[in-house]
Structures are given as C-alpha cells and as structure tokens.
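Working notes, structure below.
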Ligand code: DAT
Ligand code: MG
C-alpha cells in the first residue's frame with residue numbers, strides 16, 4: 001500500500017467569513033483524506049512572510065499579505081495516499097475563474113486573491129508549513 005502523506009490545508013479569511021469551513025472539510029473528507037489536526041487563528045504578518053516566503057518579491061504580495069492577515073483562518077493537517085496532490089485537485093487552479101467546476105475554487109470562488117483555500121504544493125512546503133502552524 002502507498003505510504004500516507006501529510007499536507008497543510010488552510011481555509012483563508014474569505015472562506016471563514018463566507019461560512020465555507022464545513023464545505024472545505026466536507027469535500028476533503030468525501031475524497032477520502034483524513035483530518036489529523038486543526039486550529040483556528042489569525043495569522044501575524046511575520047507568519048505570513050514565512051508562509052508565503054517564495055512570493056515576497058511578487059507584485060501581488062502586499063495585497064496577499066493584507067488579505068491573509070485580515071481575519072481568522074482554519075489551519076489543518078490532512079493525511080492520505082498522495083494527499084498533497086489530491087488536496088490540490090479538490091481545491092482546483094489558483095485563479096477561480098480558470099478552475100474547473102467541481103473543484104472548491106471553481107465552484108465557489110470569483111477572483112485570484114480571495115480564492116478560499118491554500119494547499120501545500122510539494123513535500124518540502126508541506127513539511128515547512130505544517131511546522132510553521134503546528135509546532
Ligand atoms: P496556490 O495558492 O494555488 O498554491 P500560488 O502559490 O502561486 O498559488 O500563490 C499563492 C497565492 O497568491 C494564491 O493562492 C493567490 C495569490 N496569487 C497568486 N498569483 C496571483 C496573481 N497573479 N495575482 C494576484 N494574486 C495572486
Ligand atoms: Mg502555493
């Protein structure tokens with residue numbers, strides 16, 4: 001059997017304020033992933049700079065920083081075979097206007113900054129992000 005993998009998924013401030021926490025959790029559970037750890041918090045600017053370190057120099061970073069610190073988020077550790085890729089499939093493409101119907105972003109999102117959910121993009125980022133939010 002394939003080894004279980006862990007990934008970091010976060011419901012962003014728009015997802016929390018729109019009442020979509022249960023929707024996100026439900027879609028990941030129905031896909032077969034397992035929720036291992038969960039906490040609600042408001043991200044500090046320092047945490048956001050660590051979490052999005054690869055985007056610090058991007059033109060959209062100031063807007064992303066403002067948004068991600070604008071209200072509570074729900075941080076989660078999910079596990080399952082291929083959990084990193086599976087969670088990203090359930091989430092859909094970064095820009096909700098381009099995301100396929102049937103995905104969280106494709107069904108529920110409207111624009112790229114407020115795209116409801118974050119998921120790690122590989123084993124290294126999953127490890128780093130889980131440590132940042134849970135250690
Ligand atoms: P993802 O969240 O799908 O991993 P990413 O890591 O490339 O996407 O970007 C992180 C977040 O930054 C993304 O969820 C929304 C925002 N973002 C990405 N590209 C953007 C752009 N071109 N304009 C505005 N915001 C953007
Ligand atoms: Mg990313």
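Read-outs: derived from the displayed coordinates by stated rules, not from any lab. Just so we're clear, the structure is a prediction, and the values are computed from it rather than from any experiment. All Cβ positions, glycine included, derive from the backbone under ideal geometry; neighbour counts span all protein chains shown.
The single residue among 112, 73 that is within 13 Å of ligand 1 (Cβ to nearest atom) and closer than 17 Å to residue 35 by Cβ turns out to be 73. For the range 86-99, taking the residues that are within 13 Å of ligand 2 (Cβ to nearest atom) and assigned to a helix (DSSP H, G or I), the one that is surrounded by the most Cβ atoms within 10 Å (Cβ to Cβ) is identified as 87. Cβ-Cβ contacts under 6 Å between residues 6 or more apart (or on different chains), taken from a first residue in the range 45-62 that is closer than 16 Å to residue 10 by Cα to a second residue that is within 13 Å of ligand 2 (Cβ to nearest atom), are listed as 48/68. Across the range 44-74, the qualifying residues are those that are within 15 Å of ligand 2 (Cβ to nearest atom) and under 14 Å from the mean Cα position of the chain (by Cα), and the one among them that is surrounded by the most Cβ atoms within 10 Å (Cβ to Cβ) is 73. Candidates 102, 106: the one that is away from ligand 1 (no atom under 11 Å from the Cβ), over 18 Å from residue 48 (Cβ atoms), over 13 Å from the mean Cα position of the chain (by Cα) and not in a loop (DSSP other than H, G, I, E, B) is 106. Scanning the range 12-22 for residues that are assigned to a helix (DSSP H, G or I) and surrounded by fewer than 17 Cβ atoms within 10 Å (Cβ to Cβ) turns up 17, 22.
Summed over the range 58-85, residues that are in a helix (DSSP H, G or I) and within 15 Å of residue 20 (Cβ to Cβ) total 0. Can you confirm whether residue 39 is in contact with a strand residue (DSSP E or B) (Cβ under 9 Å, 6 or more places away or on another chain) and surrounded by fewer than 12 Cβ atoms within 10 Å (Cβ to Cβ)? Against the criterion (in contact with a strand residue (DSSP E or B) (Cβ under 9 Å, 6 or more places away or on another chain) and surrounded by fewer than 12 Cβ atoms within 10 Å (Cβ to Cβ)), residue 39 qualifies. Whether a residue is surrounded by 12 or more Cβ atoms within 10 Å (Cβ to Cβ) and within 14 Å of ligand 1 (Cβ to nearest atom) was assessed, and residue 134 does not pass this test.
The set of residues in the range 109-131 that are buried (at least 17 other Cβ atoms within 10 Å of the Cβ) and assigned to a helix (DSSP H, G or I) comprises 125, 126, 129, 130. If the condition is being without any contact (Cβ under 8 Å) to a residue 60 or more places away in the chain and on the phi > 0 side of the Ramachandran plot, then the range 72-121 contributes 92, 102.
Here residue 33 meets each of (1) crowded, with 18+ Cβ neighbours inside 10 Å; (2) farther than 10 Å from residue 78 by Cβ with one exception, condition (2).
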